[in-house]
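The values are calculated or read from the model by the stated rules, or taken from the named source; none is laboratory data. Keep in mind that what you see is a predicted model, and the values were worked out from it rather than measured. Cβ: placed from backbone, ideal geometry, glycine included. Neighbour counts: every protein chain shown. When the accessible area is computed, the model is the full protein with side chains, heavy atoms only, and any ligands, DNA or RNA have been set aside. Shrake-Rupley method; radii C 1.70, N 1.55, O 1.52, S 1.80 Å.
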Amino acid sequence: MIEPFSPEFWKVLAPETVLLLGLIAVFVIPNLGNTTFRIPLTKIQVPWFLGGRRFRLTGAAHLPGLIGCATLLGSLLLLVIGQFDGSFKVETIGTGELVLFRIDEFARLFEMIFLSAVFLASMASLDRVPATIYEETDELEEMYNNRRQADLYILMLTVAVGMCMVALAQDLFVLFVGLELASLATYVLVAFHKETKAGAEAGVKYFITGSVASGIGLYGLSLLYLEFGSLQLNDLAAGWSESGVLAIIALGLVLVGFGFKVSAAPFHFAAPDAYAGANSPVAGVLATASKAMGIIGLIRVLVVVALPNTEGSAVWVYTLAALSVITMTWGNIAALGSKNPKRMLAYSSVAHAGYMMAALTAVGAWRWGHISAPANYANVVIAAVLFHLVVLVAFKLGAFLVLGLLEMEGGASRLSALSGLGRRDPLIAACMFIFMLALAGVPPLAGFMSKFLVVAGIVSTGVGDITTSRGDLLIGDLHWVWWLALALFINSAISVFYYLRIGVVMFLEPPEEGRRKPLPYGVSIRMTIWFCVCATIFLGVSGDFLIDMCHKAAESLNLV
Amino acid sequence: MSSNSVIDLKGKEFLLIGGLTVSVALLAAFFPDLGSNGEGAVDWISIPLVGFPIITAGIMLAFASQENRSRRKMLSSPVRLATFVFSLIPLAISTALFFDWLIAVNWDLSYNEYALESQYAWIDSIGVSWHVGMDGLSFPMVWLTTFLVPVTILTTWDEKDGATYHPLLLMMGGALIGVFVSLDLFLFYVFWELTLIPMFFLILKWGGKDRRYASQKFFIYTFCASVIMLLGLITLYFMIPEGSGEGYGTITGRTFDMKAILSYAAAENLGDGVFLGMGMQQVLFWMLMLGFLVKLPAVPFHTWLPDAHVQAPTGGSMLLAGVMLKMGAYGMLRLPVALFPDALIEFQDWVMIIGLVSLVWGSVVCLGQTNLKRMVAYSSVSHMGVILLGIASMQPLGYDAALFMMFAHGIISPMLFAVCGSFKHHYHSMEIGSMRGMAKFSPYLAVYMMFGWMASLGLPLLAGFVAELMIMIAYWPVYGWWILLPGFVLAVTAAYYLWSMQRTIFEGGDEGQPPESMLGETPPDISLHENIGMFILAVFTVIFGIFPFIALGMMGDWSTAFFEGVFKLGGI
């Protein structure tokens, strides 16, 4: 156990420390100027540096972005190096009985997801928010825009810090604080383009529904505290089998809070509006990192704490199964009818949340005892969910970034904005098509691999080891979670309709009036799109190392 | 190009770097010891037959994706030539392998034994390996694919936007070969779905008026069936007991290796019990069959085919009818029939009925068609029904005949579609009866049409006849006088072919009657490229009609071995 704020603490939390330092740097550096401070009653002017006329270097509008990206990249590199140089070991941080953070493969993997998503979105934003080169100008709009550079990256880094906290937390209260830190920053990010109607509307909607959901979740936490006298995950897990009705009610309330974050039906209504109103990289972060944050909550609460071992405590398995099927079906059917590509991606992300919830149901059913499955199988299912979350960063975020590129020339809120892209910019159109195929789950892309693993995980629990116990099998001998796999596949077949439609629009229809020229340039956003495409293909064809990593992360939860 | 940045990385350079990185990563990931398999023998399949067409086509597509129209046009001729040359390389290799089979005797053709097998570790954690090999079932199909791709490119030499069209055909060929050679369920599924993407683009970009509808219908229809099949495969995967060693997963302990699964199933089936038990076997049998029946296509699931064919460009149709439909029959023999023979025995009549309905429905609908290409598409449905009859007969001869039917139809149907394509190309119409006396305007086209139609209706000495005759012989001992029905239907086939021929080639008096779509101009005859392409197809139709044993030898060996290896009773 490492005491907080001891030297060892800063060492094991190096990536997070880097994030904090970067955050302070983004606060301070753009404010450095030639101001001086006169010592009272004297004429001595002491240089004070904060404020006044900015120096040429520190006043550069692109500086906050560069600092932000460098911080995220540095933190990400520290994480990856720490994970692979062989020196990694599990550490817990806390005082006395109280465990605050636990650094294990699970937390580290999620931190990688968060940081890479936020990093890619920040990289892509470098070209997107209008910034002018430092000039001594009095034009208000330019000054505002330059100012907003710093705001954007402060918020991005705050999101990253909050999410990392969620990943590490071993106490539900710490987890909640991290969740709120990240959420508050995302509310502001969604409303970042507050001048536009859609942006303001999205921000307000997302904030109100989000804070209501958080409030309900917090109420659930307080009930849990009432029941157990502690919010430590270990204590909750140990006491769960003897808990009463109050715990089940509390669990339901907590699920509302996390269900909003993963945008599960029926808590998903704000998501399409938020995604459509936010600028695309931010929407990409919402659909990947923010969703992963909700999944951490679900895994911590459902799988670590409330894994059923008696008939009574298994209520949530049925609930989650029903919710997952409703979520995926609702998401897909709503996406079929949406004419706005961003709303369509939002609904598709609702559907993906349903797929992951189906997998978590399988974990619940595995321990419940009605099936006999090898102990390892729960880890296989969780590994599949983690794999899905990792690769989602590549293709979901990539799809949003392509829309972001379109936004640079004015709006991507209609399907027709994409039309003729195959002629205007064949490479970007090809990238978008690859992202769509990956979302639909077409091999050999990463999206297929992840859907395949999720289904394989569900089927593994559904089949269990019945083949070894009896020779003559019937379809009824399979556990009912097997049908969730069928539902998942039927849904992914439905989803092909709207993913293909994007391809058809891009390659078949002529470009809109006034949008015939090649797309705006934007080096950094194009680089990020290319990176996402390469990752989508690479993780699809040789994702072996990632599967191993996810499996190790799942093992570090110590479920078995 | 509106570029105000320092380095203009947009476009080609970017793509080349990306493409090269991806392909190098692929190569490095798949083939740590490039070019040789476990025993140190040369791996003729992975790179030369599968990887090479796909990767070169990808690189050429990248080159050809130019925003600039004139540059695109400039590129089309060299890209077309390069594609053609590249497509000849797999053909040369597969032909050499065929002669190797004729001369050398080291091909083990017993059941579940494969020639030129190579296995590389791929996704170890869940038991997926890159495992390829060929046997008597897959080799004819592989040769057919390598043969059809250059012929298709030659026949559709003048297609517009050639710089992207021809590489797509090449890529399609690589993916199709991948389906036939893969010996790992995961790999099989990857290639199975990969074939959809080039075909989707071929229909979407070069198709007819309703191409939008047809391409989406094609993709969604087959995708839906495939995911059900995939669920069956995954369920099967978890029912094979755990093991260890090459091809077994380090996390799950199971394997996707087709050879291991097939030999386990065969051992169970030939022993006292039934592999997985009857109930589960039936469910899995139909889950897998669904994927293959839609691809074949058999009658209740055939509606995507006429739409796709009518809208598809000529080259797409040729590969679609020539090879892609056979993926269904191939998969059926490779998986459900081999894994679940008891379910097939149980449902023998059902499979026969589906085949018969396809046969009857396909030909009767043909009679009513006014669109030439639609008619040919429906005739494909009825011929695929014949293959199902061969499978349902459950006799070595029936399987042998089904294989030969796949092969013969793979040579004849591309010719039919080439004829339809030239018709569309030169006459701007495909309505039967909108013009008369084609023999006067386009004697070559008329000859090829007549030849193709005759081959397809089963004229003796042409390849189609052999297959149909063999299937009828195999059908007789099982279903007796029911043979009258398919026999009658084959007469119907002759009727619609002859009737359509009479209405287009002959009538019209001495002057003939060009269609209205020609606007009074005299229609030209086919171009040299089309002529050469169709000539090659015609020559091979005759060769395999007179000397069927060239291919039948290998197929016969395989069917006998398959029969002994799979069925307990050794015949019904």
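General observations
- Scanning region B:483-506 for residues that are surrounded by fewer than 15 Cβ atoms within 10 Å (Cβ to Cβ) and either under 18 Å from B:H426 (Cβ atoms) or touching a strand residue (DSSP E or B) at 6+ places or on another chain (Cβ under 6 Å) (or both) yields a count of 0.
- Flag for A:S542 being open to solvent by 10 Å² or more (accessible area, probe 1.4 Å), facing chain B (nearest Cβ under 7 Å) and of a type in the set (G, A, S): yes
- Residues in region A:270-291 that are surrounded by 24 or more Cβ atoms within 10 Å (Cβ to Cβ) and charged (D, E, K, R): A:K291 only.
- Filter result for the condition that a residue is assigned to a helix (DSSP H, G or I), within 27 Å of A:I428 (Cα to Cα) and at pLDDT 90 or above, over B:I59, B:I54: B:I54
- The one condition in (1) touching a residue at least 24 places away in the same chain (Cβ under 8 Å); (2) of a type in the set (A, V, I, L, M, F, W, C); (3) closer than 21 Å to B:L61 by Cβ; (4) assigned to a helix (DSSP H, G or I) that B:F186 fails to fulfil: (3)
- Complete set of residues in region A:216-251 that are touching a Ser or Thr at 6+ places or on another chain (Cβ under 8 Å) and in contact (Cβ under 8 Å) with a residue 40 or more places away in the chain: A:L236, A:W240, A:S241, A:S243, A:I248
- Test: B:W157 is within 14 Å of another protein chain (Cβ to nearest Cβ), farther than 26 Å from B:L270 by Cβ, open to solvent by 10 Å² or more (accessible area, probe 1.4 Å) and not in a helix (DSSP H, G or I): no
- Selection status of A:F192, modelled with pLDDT of 90 or more and open to solvent by 10 Å² or more (accessible area, probe 1.4 Å): no
- Failed item, numbered, when A:A430 is tested on (1) open to solvent by less than 10 Å² (accessible area, probe 1.4 Å); (2) within 11 Å of another protein chain (Cβ to nearest Cβ); (3) among the small types (G, A, S): (1)
- For region B:218-229, filtering for residues that are closer than 19 Å to B:V323 by Cα and more than 7 Å from every other protein chain (Cβ to nearest Cβ) leaves 5.
- Residues of region A:396-427 classified as buried (at least 24 other Cβ atoms within 10 Å of the Cβ), of a type in the set (D, E, K, R), within 12 Å of another protein chain (Cβ to nearest Cβ) and part of a helix (DSSP H, G or I), total: 0
- Set side by side, the residues B:P306, B:P297 differ, and just one is outside any helix (DSSP H, G or I), within 23 Å of the chain's Cα centre (by Cα) and not hydroxyl-bearing (S, T, Y), which is B:P297.
- Matching residues in region A:452-468 - criterion: being open to solvent by less than 10 Å² (accessible area, probe 1.4 Å), more than 7 Å from every other protein chain (Cβ to nearest Cβ) and not in a loop (DSSP other than H, G, I, E, B): A:F452, A:V454, A:G457, A:I458, A:T461, A:G462
- Options B:S76, B:S118, B:S129; residue that is more than 22 Å from the chain's Cα centre (by Cα), modelled with pLDDT under 85 and small (G, A, S): B:S76
- Neighbours by Cβ (under 6 Å, 6+ apart or cross-chain): first from region B:477-494, in a helix (DSSP H, G or I); second surrounded by fewer than 16 Cβ atoms within 10 Å (Cβ to Cβ): B:I483/B:W476
- Scanning region B:205-217 for residues that are surrounded by fewer than 24 Cβ atoms within 10 Å (Cβ to Cβ) and within 8 Å of chain A (Cβ to nearest Cβ) yields B:K205, B:R211, B:R212, B:Q216.
- Residue within region B:117-132 that is open to solvent by 20 Å² or more (accessible area, probe 1.4 Å), more than 14 Å from chain A (Cβ to nearest Cβ) and touching a residue at least 12 places away in the same chain (Cβ under 8 Å) present: yes
- Test: residue in region A:435-450 that is part of a helix (DSSP H, G or I), modelled with pLDDT of 85 or more and more than 29 Å from A:K339 (Cβ to Cβ): yes
- Residue within region B:242-256 that is within 8 Å of chain A (Cβ to nearest Cβ), part of a helix (DSSP H, G or I) and in contact (Cβ under 8 Å) with a residue 24 or more places away in the chain present: no
- Within region A:262-344, helices (runs of 4 or more DSSP H) holding 2 or more residues that are more than 19 Å from A:I208 (Cα to Cα) and under 13 Å from the mean Cα position of the chain (by Cα): A:280-285, A:291-298
- Residue that is farthest from B:F301 (Cα to Cα), among those in region B:189-231 that are assigned to a helix (DSSP H, G or I) and basic (K, R): B:K205
- Checked against the criterion of being part of a helix (DSSP H, G or I), crowded, with 20+ Cβ neighbours inside 10 Å, more than 7 Å from chain B (Cβ to nearest Cβ) and touching a helix residue (DSSP H, G or I) at 6+ places or on another chain (Cβ under 7 Å), the candidates A:I529, A:I537, A:I547 yield just one match: A:I529.
- Matching residues, region A:52-76, being closer than 17 Å to A:D151 by Cα, out of contact with any Pro (no Cβ under 7 Å at 6 or more places or on another chain) and either surrounded by fewer than 13 Cβ atoms within 10 Å (Cβ to Cβ) or among the hydroxyl-bearing types (S, T, Y) (or both): A:T71
- In the set (1) more than 27 Å from the chain's Cα centre (by Cα); (2) buried (at least 20 other Cβ atoms within 10 Å of the Cβ); (3) not acidic (D, E), A:S116 fails one condition alone, (1).
- Residues of region B:268-282 satisfying the condition of being open to solvent by less than 40 Å² (accessible area, probe 1.4 Å) and either among the acidic types (D, E) or assigned to a helix (DSSP H, G or I) (or both): B:N269, B:G279, B:M280, B:Q281
- Scope region B:253-267; condition open to solvent by less than 10 Å² (accessible area, probe 1.4 Å) and hydroxyl-bearing (S, T, Y); matching residues: B:T255
- Residue within region B:214-225 that is closer than 30 Å to B:C366 by Cα, in contact with an Asp or Glu (Cβ under 6 Å, 6 or more places away or on another chain) and of a type in the set (G, A, S) present: yes
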